[in-house]
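Here, each number is a calculation from the coordinates, and none is a lab measurement. These numbers come from a predicted model, not from an experiment. Methodologically, a virtual Cβ is constructed for each residue, glycine included, from the backbone with ideal geometry; neighbour enumeration extends over all protein chains shown.
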Amino acid sequence: MKDLVQSVELGVSKRKGVKVTRPRVWLQNEAVRVGLAETLCTYVMMAFGLGSVAQVVTGQGAFGQYLSINLGFGLGVAMGVHVGGKVSGAHMNAAVSLAMCVFGRLGWKMLPLYVLAQLLGSFLAAGTIYAVYYEAIHDYCGGNLTVTGAKATAGIFATYPVPYLSIPAGFIDQVFGTAMLLLCLMALADQKNKPAATGHEPIVVGLLVLLIGISLGSNSGYAINPTRDIAPRVFTAIAGWGTDVFRAGNGWWWVPLVAPSIGGVLGAGLYRVMVEMHHPPPSGQGKGLLEEETVTLEKQENICANECV
């Protein structure tokens, strides 16, 4: 209550024009701030996404359908961008971080930090949803935690292919889905094309993830994100599902780890080669042009970093 009063007094003082000295409690180290923000926004995205899957599976259709899962992940991404977008860029996806490094919009030295933060956020979210839905999961499967079969529950946390999908076809599925994700993200960030309106980036990126889910999700659950898949998979292996989570689907586990990383670079590169590199120069040359290019790059770094599943 004391903190609330102090907060209100601070706001009133600002409105009256009184100079207020803020307590120096914020973190000075940029890497720490970025790591914390990326962990939290990934956690938020994954908690909503995995929670939507748990609700559909354990409710046996009474509390949602496949579209509910797509909406859960899409809106979860949007909320994640709001949580960490101005601090870390809210990648929430190692494929996004890798593509940003390849195309010079993120320093390579930051890649391990982003990946570790995403892994931690995803792992914690899986643990949280397991705790929240613990009784529902055990009631649904009778306490028998399985990866395949009529009452399988491992799919709540990680992605698995449908029975007809081969490993090569699944690999292509994940490469293509992630390529579409990064291609569209590059377009949404391109200030010389038709970028997302300022302030609307979170919902637009969320709608992009929703679009991928409702058009490219049936084969294998559209992981399109290495850290989104591997961290919850490791959690399920520890929590009781065992090593079957790595054997199921003819050893499927490595596909959503490798294919999205390739697809992300391909999609971002395709947009850059076919569109971004061919923008005509703006009117005015010399110093003015250089300044405009610098501002554009800064905007792209902020917007294109916002993502996903």
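For this structure, a couple of remarks:
- Diffusion constant of the range 60-156 at 20 °C, which comes from Stokes-Einstein with the Kirkwood Cα-pair radius and 1.002 mPa s, µm²/s: 135
- Residue order, fewest to most beta carbons within 10 Å, for VAL81, VAL87, VAL255: VAL87, VAL255, VAL81
- This ranking places GLU201, GLU276, GLU30 by how few other beta-carbon atoms lie within 10 Å of each, fewest first, which gives GLU30, GLU276, GLU201.
- This ranking places VAL234, VAL57 by how few other beta-carbon atoms lie within 10 Å of each, fewest first, which gives VAL234, VAL57.
- With the alpha-carbon atoms of the range 23-304 aligned to their principal axes, the span from lowest to highest coordinate is 71, 52, 33 Å, starting with the largest.
- FRET efficiency for ASN250 and VAL102, using Cβ-Cβ distance with R0 set to 22 Å, rounded to 0.05: 0.15
- Under 15 Å from the LEU111 label point (7 Å along Cα→beta-carbon), backbone N, the range 158-188: none
- FRET E, pair ALA136, ALA31, Förster distance 30 Å, beta-carbon r, rounded to 0.05: 0.20
- The range 44-77 versus the range 236-275: alpha-carbon centroid distance in Å: 20
- Solvent-free Debye scattering, log10 I(q)/I(0), computed from the Cα coordinates of the range 199-253 at q = 0.15 Å⁻¹: -0.57
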